[in-house]
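Engineer: Take a look at this one; I'll ask things after.
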Amino acid sequence: MPEFMPKLLLASSSPYRRELLTRLTSDFDTASPDVDETPLKGEAPEALARRLSKAKALALAPTHPRELLIIGSDQVASLDGTPLGKPGHHENAVAQLKAASGRRVDFYTGLCLHDARTNRTSTRCERIRVHFRELSNEQIEHYLQKETPYDCAGSFKMEGLGIRLFTAFEGRDPNALIGLPLMALTDLLLAAGVDPLTPE
């Protein structure tokens, strides 16, 4: 049986991912990696999410203790195969939500677990398909003024008021929409000898 060895490092400054990880363990540190998130030419959304999650985990490995397990994650939204990044400001968010109105958008959440003890790296990617409501200009403006989701891929916060924008979603783990797929992470932790199912 694997032992529970919860010395984890979350490669993220996101408060949403930090809150999610507390559902598995309270014994972890966080650090923000310096990673260029620019897509490569012709890079598919799933490939981008996988690459960035791995890059974030590996970026912290040289400057942190070798006994750590480092968790990286990144999310990319895709509309008809075209990546939708973080809007950054109001005008981009309006454009993203108008484009998504009444349509299906795929969200790819990449996940990486880097075991600094063995230098082994494992990656996963969870896809969630979101069905957006038909949104009026007034509804979009009201939502953005209330939530200001300018740091979120696809211009919504699933953990907040963003659920109002959808009619349905398809996928294994709704936590992936918030930014950290906990089911896949549990799989990777168990494979690395870390058991989050055992009480601390």
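Engineer: Looking only at residues that are touching a Pro at 6+ places or on another chain (Cβ under 6 Å) and of a type in the set (A, V, I, L, M, F, W, C) in segment 59-118, which one is farthest from Leu188 (Cα to Cα)?
Structural biologist: Keep residues of segment 59-118 that are touching a Pro at 6+ places or on another chain (Cβ under 6 Å), which gives 59-60, 76, 78, 83, 93, 96, 108-109, 111.
Those left that are additionally of a type in the set (A, V, I, L, M, F, W, C): 59-60, 76, 93, 111.
On the way: Ala59: 19, Leu60: 19, Val76: 21, Ala93: 34, Leu111: 9 Å.
Only one residue fits best here, namely Ala93.
Engineer: Counting only residues that are within 15 Å of the chain's Cα centre (by Cα) and surrounded by fewer than 17 Cβ atoms within 10 Å (Cβ to Cβ), how many does segment 128-149 have?
Structural biologist: Total meeting the criteria: 1.
Engineer: Go through segment 169-188 residue by residue and tally those that are of a type in the set (A, V, I, L, M) and either closer than 15 Å to Ala153 by Cβ or at pLDDT below 95 (or both).
Structural biologist: 4
Engineer: Regarding segment 89-108, can at least one residue be identified that is of a type in the set (Ser, Thr, Tyr), touching a Ser or Thr at 6+ places or on another chain (Cβ under 8 Å) and surrounded by 15 or more Cβ atoms within 10 Å (Cβ to Cβ)?
Structural biologist: Kept after step one, since they are of a type in the set (Ser, Thr, Tyr), are these residues of segment 89-108: 101, 108.
Okay, now just the ones that are also touching a Ser or Thr at 6+ places or on another chain (Cβ under 8 Å), so 108.
Still in the list and also surrounded by 15 or more Cβ atoms within 10 Å (Cβ to Cβ): 108.
Within segment 89-108 (the criterion being of a type in the set (Ser, Thr, Tyr), touching a Ser or Thr at 6+ places or on another chain (Cβ under 8 Å) and surrounded by 15 or more Cβ atoms within 10 Å (Cβ to Cβ)), the answer is yes, since at least one residue qualifies.
Engineer: Which numbered condition trips up Leu9, out of (1) on the phi > 0 side of the Ramachandran plot; (2) touching a Ser or Thr at 6+ places or on another chain (Cβ under 8 Å); (3) not charged (D, E, K, R)?
Structural biologist: Just one mismatch for Leu9, condition (1).
Engineer: Taking segment 150-168, which residues are over 22 Å from Ala95 (Cβ atoms) and over 13 Å from the mean Cα position of the chain (by Cα)?
Structural biologist: Taking segment 150-168 first, the residues over 22 Å from Ala95 (Cβ atoms) are 159, 168.
Passing the criteria: only Ala168.
Engineer: Ala192 passes all but one of (1) modelled with pLDDT of 85 or more; (2) among the small types (Gly, Ala, Ser); (3) crowded, with 22+ Cβ neighbours inside 10 Å; which number fails?
Structural biologist: Result: Ala192 fails condition (3) only.
Engineer: Out of the strands (runs of 3 or more DSSP E) lying entirely within segment 7-81, which hold 3 or more residues that are more than 13 Å from the chain's Cα centre (by Cα) and farther than 28 Å from Ala100 by Cβ?
Structural biologist: Details: elements: 8-11, 28-31, 69-79.
So the answer is 28-31.
Engineer: List the pairs whose first member sits in segment 122-137 and is under 20 Å from His90 (Cα atoms), whose second member is assigned to a loop (DSSP other than H, G, I, E, B) and among the hydroxyl-bearing types (Ser, Thr, Tyr), and whose Cβ atoms are under 6 Å apart, counting only residues at least 6 apart or on separate chains?
Structural biologist: Hits for this filter: Phe132/Ser101; Glu134/Ser101; Leu135/Ser101.
Engineer: Another question, if that's okay. Specify the residue that is surrounded by the most Cβ atoms within 10 Å (Cβ to Cβ); the eligible residues are those in segment 57-88 that are of a type in the set (Ser, Thr, Tyr) and closer than 24 Å to Leu10 by Cβ. Write out each step before concluding.
Structural biologist: Just the residues of segment 57-88 that are of a type in the set (Ser, Thr, Tyr), to begin with: 63, 73, 78, 82.
In the following step, the residues that additionally are closer than 24 Å to Leu10 by Cβ were identified as 63, 73.
Values: Thr63: 8, Ser73: 29.
Selected residue: Ser73.
Yes/no per residue for (1) among the basic types (Lys, Arg); (2) farther than 20 Å from Met158 by Cα; (3) modelled with pLDDT of 90 or more:
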{"residue": "Thr22", "(1), (2), (3)": "no, no, yes"}
{"residue": "Pro39", "(1), (2), (3)": "no, yes, no"}
{"residue": "Lys54", "(1), (2), (3)": "yes, yes, yes"}
{"residue": "Ile71", "(1), (2), (3)": "no, yes, yes"}
{"residue": "Gly85", "(1), (2), (3)": "no, no, no"}
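Engineer: Which residue is farthest from Leu188 (Cα to Cα), if the candidates are limited to segment 33-48 and must be of a type in the set (A, V, I, L, M) and out of contact with any Lys or Arg (no Cβ under 9 Å at 6 or more places or on another chain)?
Structural biologist: Top of the filtered list is Ala44.
The values are calculated or read from the model by the stated rules, or taken from the named source; none is laboratory data. Predicted model only: the values in this text are computed from it and were never measured. Heads up, the Cβs are rebuilt from the backbone with ideal geometry, glycines too, and the neighbour counts pull from every protein chain shown.
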